[in-house]
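Down below is the structure, laid out as structure tokens.
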Amino acid sequence: MSPATLNFCCPTIGDGNSQTVTVTNTSGAAVGIAGIAMSGDPSLTEGNTCGSAVSAGATCTVTVTFTPVDYGTFTSTLIVTESDGAQEPVSVSGTASPDS
């Protein structure tokens, strides 16, 4: 998973801001994906291109979007769960500031 941490800075309320995480399978066999989800503040959401498996040597992309509904700092964790139960986390935080 790259990067291991995402930090969003300073969108205003209602403005979306997105960053991507690349999931890379470095093994010699396909890896099943049981699920991809965010655990934390609902202003941080995900969408992905991973499907149910990542082929050997292949990558897929997870897009995390921060759309704040209030000012402050919000946190979440992106979790990719493999079919064998292993979990790969990415820490995510976002700070929303007032309009300039």
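The values are calculated or read from the model by the stated rules, or taken from the named source; none is laboratory data. In this text, all values refer to a predicted model and were calculated from it rather than measured experimentally. All Cβ positions, even for glycine, are placed from backbone atoms using ideal geometry, and neighbour counts span all protein chains on display. Keep in mind that these areas ignore ligands, DNA and RNA; they rest on the heavy atoms of the full protein, side chains included. Shrake-Rupley method; radii C 1.70, N 1.55, O 1.52, S 1.80 Å.
In table form, for the structure just shown:
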{"read-out": "Whole-percent carbon and sulfur share, accessible surface of the chain, 1.4 Å", "value": "49 percent"}
{"read-out": "Reported label for calculated P(r) over Cα pairs in 5 Å bins from 0, in percent given (i) 3, 14, 24, 22, 14, 10, 7, 4, 2, 0, 0; (ii) 2, 9, 9, 9, 7, 8, 9, 9, 6, 5, 4, 4, 4, 4, 4, 3, 2, 1, 1, 0; (iii) 2, 13, 22, 23, 18, 13, 6, 2, 1, 0", "value": "(i)"}
{"read-out": "The chain - accessible surface per residue (Å², probe 1.4 Å)", "value": "51 Å²"}
{"read-out": "Sites residue 83 and residue 9 - FRET efficiency at Förster radius 41 Å, r taken between beta-carbons, to 0.05", "value": "0.70"}
{"read-out": "Estimated FRET transfer efficiency when R0 is 22 angstrom, pair residue 18-residue 97 (beta carbons, to 0.05)", "value": "0.80"}
{"read-out": "Spin-label pair residue 59/residue 27, simplified geometry with 7 Å Cα→Cβ offset, distance in nm", "value": "2.0 nm"}
